[in-house]
Amino acid sequence: MRTAYSVETVRAAERGLMARLPEGALMQRAAAGLAAACAELLGRVYGSRVVLLVGSGDNGGDTLYAGARLARRGAGVAAVLLSPERVHAGGLAALRRAGGRVVGAGSGTEPAAAAGIDRVEETILRADLVVDGIVGIGGQGGLRPEAERLAGVVAESGAPVVAVDLPSGVDADTGEVRGAAVRADLTVTFGTHKPGLLVDPAREYAGSVRLVDIGLGEVLPARPELEALQHADVAALLPSPGAESDKYRRGVVGIAAGSARYPGAAVLAVSGALRGGAGAVRYVGPAGDAVIARFPETLVSDQGPHKAGRVQAWVVGPGAGDDAGTVAEVLEADVPVLIDADGLRLADLDVVRERRAPTLMTPHAGEAAALLGVAREEVEAARLKSVRELAAKYRATVLLKGSTTLVADPASGLVRVNATGTSWLATAGSGDVLSGLAGSLLASGLSALDAGSAAAYLHGLAGRFAADGAPAGAHDVADAIPGAWRDVRR
Ligand SMILES: NC(=O)C1=CN([C@@H]2O[C@H](COP(=O)(O)OP(=O)(O)OC[C@H]3O[C@@H](n4cnc5c(N)ncnc54)[C@H](O)[C@@H]3O)[C@@H](O)[C@H]2O)[C@@H](O)CC1
Ligand SMILES: Nc1ncnc2c1ncn2[C@@H]1O[C@H](COP(=O)(O)OP(=O)(O)O)[C@@H](O)[C@H]1O
Ligand SMILES: [K+]
């Protein structure tokens, strides 16, 4: 399991740890990990040109000490100080002792700021590596104008960028990027991941992320802010039939989806459900012929959900058109219900709120925006906040689809993030496959949080396998689920 903690929790943990350690020990651990990552990226340290962008806080301190380590190994290290009067004094002295220099304003040799700025730009444009130590977890809002201008020069230089703890300008707790921010190739983060490193849009600014152990693990609380399942976690959740299993004990999933206009949604939801671990898939709705033609193992009924026979979990909504009656009927069932697509628009939300059995809602950003009464762009900008709000508002588990899919649990407030996907999954019908898959996992007994997050994980992986660098259709994604399942179990 990968976990992320909020800034407040990180700071409290750091205080506890610092009290037991000699002064500056944590910063030295951070700087050592940072310097090692930079050296690896450079390949050859001796003779390389490294530029440090140094802000006024401890993030700048880490950067200066790491720069000193690189300078001792023969790199030419130049520091650009954004607030020379408030720079980390110990870090700057260490850099100078190691032979590093300061360029531009703050160097003490440049009388005219303008002349300093030209030198700074020239130095950045010739760099082999830029280290972003402008702000870390102490950052408020996007980059300030001077830092923004430097970030522009860095982008122009094309040099690889290593962000220290976080890409400066992104929000550590929410993953929001409300102004300019640094775009990194690698982020070296200390002690624990921060939510912003795992959630878009900030995640995209971070590049690949490397966690440096500074000993924080032992003082962090058991419950993180955000979790990201890994192969082993998903493997432990997936159902596996035993000697005493039969199709009913494995769980029956009911799919109430599709319409005369959208029969394909029914077929795709069933295709996901058949690969999700339930012992049987029941289909109710007007697309029975299309479903049977493709998947003869489906139990088909046109009598509506009440008369469909035993079902341990329902999926309702994909391609449902305007059939509000079926949605209402499904919501009356005292078993877990997954509501997707048209179902999210047709459901009586007061009924959803009052349900006793678990509900899993699976909106994409547009559907989430409609449910929250805000613009789609606002959901995309604030994904973590949006999914939490939805879960609280509807007292349901909510899976917000997109490049990083989030699943929020209403009772515990815990959110899981999934990043196994690929943008090739942005193809019509792939959400229908996901809803069938998640519904099947619900029917086999997983909680809504586990079913949603395990389904997102498998679906993302299946998307990768199906696409493998080329476009794939939703049915290809469904076909790739067994391969993803095996990969997770291996
Ligand atoms: N506290 C600790 O024990 C450790 C902290 N470490 C480092 O310390 C960092 C946190 O240090 P700080 O608390 O000093 O905070 P930061 O260094 O992240 O930033 C705070 C400083 O930046 C300025 N600032 C805030 N927002 C800004 C913006 N948008 N543009 C420009 N300047 C802005 C503030 O005025 C303040 O001076 C971590 O991210 C990590 O890099 C590491 O050394 C590991 C140990
Ligand atoms: N940019 C992206 N990167 C990764 N996954 C994506 C991206 N865009 C969409 N997806 C995934 O593709 C699926 C699309 O679902 P949805 O929007 O409901 O499509 P449809 O309604 O056509 O089935 C979801 O699982 C979503 O998480
Ligand atoms: K930074």
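The values are calculated or read from the model by the stated rules, or taken from the named source; none is laboratory data. This one's a predicted model, so the numbers in the text were calculated from it and none came from an experiment. Note: ideal-geometry Cβ built from the backbone for every residue, glycine included; neighbour counts use all protein chains shown.
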Worksheet, complete the sentence: residue 17 fails exactly one of (1) closer than 24 Å to residue 104 by Cα; (2) in contact with a helix residue (DSSP H, G or I) (Cβ under 8 Å, 6 or more places away or on another chain); (3) away from ligand 3 (no atom under 16 Å from the Cβ), namely (1)
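Restricting attention to region 342-363, which residues are part of a loop (DSSP other than H, G, I, E, B) and either buried (at least 24 other Cβ atoms within 10 Å of the Cβ) or over 25 Å from the mean Cα position of the chain (by Cα) (or both)?
Answer for region 342-363, where residues must be part of a loop (DSSP other than H, G, I, E, B) and either buried (at least 24 other Cβ atoms within 10 Å of the Cβ) or over 25 Å from the mean Cα position of the chain (by Cα) (or both): 347, 348, 355, 356, 357, 363.
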Worksheet item: Among (1) within 16 Å of ligand 3 (Cβ to nearest atom); (2) at pLDDT below 95; (3) of a type in the set (Asp, Glu), where does residue 218 come up short?
Response: (1)
Response to the item:
Considering residues that are part of a loop (DSSP other than H, G, I, E, B) and over 19 Å from residue 446 (Cβ atoms), the number found within region 261-307 is 12
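A quick yes/no check of all residues on (1) of a type in the set (Asp, Glu); (2) under 13 Å from residue 255 (Cβ atoms):
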position	(1), (2)
300	no, yes
306	no, no
315	no, yes
343	no, yes
347	no, no
350	yes, no
Discussion item. I'd like to know if region 367-375 contains one or more residues that are more than 18 Å from the chain's Cα centre (by Cα), in contact (Cβ under 8 Å) with a residue 24 or more places away in the chain and surrounded by fewer than 23 Cβ atoms within 10 Å (Cβ to Cβ).
Written reply: yes
Item to complete: Consider only pairs whose beta carbons are under 8 Å apart and that are at least six residues apart or on different chains; among these, list those whose first residue lies in region 77-105 and is outside the structural domain of residue 134 (by TED's automatic domain parsing) and whose second residue is within 16 Å of ligand 2 (Cβ to nearest atom) and among the charged types (D, E, K, R).
Response: none
Fill in: From 406, 437, residue being within 23 Å of residue 281 (Cα to Cα), of a type outside the set (Gly, Ala, Ser) and either in contact with a helix residue (DSSP H, G or I) (Cβ under 7 Å, 6 or more places away or on another chain) or within 16 Å of ligand 1 (Cβ to nearest atom) (or both)
437
Item to complete: Kindly provide the set of residues from region 163-184 that are crowded, with 22+ Cβ neighbours inside 10 Å and within 12 Å of ligand 1 (Cβ to nearest atom), ordered by number.
Response: 163, 164, 165, 166, 167, 168, 169, 170, 171, 172, 181, 182
Worksheet item: Going by the conditions given, is residue 51 more than 13 Å from ligand 1 (Cβ to nearest atom) and surrounded by 24 or more Cβ atoms within 10 Å (Cβ to Cβ)?
Response: yes
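Among the residues that make up region 447-460, is at least one of them outside any helix (DSSP H, G or I) and either without any contact (Cβ under 8 Å) to a residue 40 or more places away in the chain or closer than 21 Å to residue 224 by Cβ (or both)? It would help to see each step written out before you state the result.
Initially, region 447-460 is screened for residues outside any helix (DSSP H, G or I), giving 447.
Among the residues that remain, those that are also either without any contact (Cβ under 8 Å) to a residue 40 or more places away in the chain or closer than 21 Å to residue 224 by Cβ (or both) are: 447.
Yes, the conditions are met somewhere in region 447-460.
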Discussion item. Which count do you get for residues in region 185-204 that are surrounded by fewer than 24 Cβ atoms within 10 Å (Cβ to Cβ) and within 16 Å of ligand 2 (Cβ to nearest atom)?
Written reply: 4
Worksheet item: Just checking, which of 93, 78, 66 is part of a strand (DSSP E or B) and out of contact with any Phe, Trp or Tyr (no Cβ under 8 Å at 6 or more places or on another chain)?
Response: 78
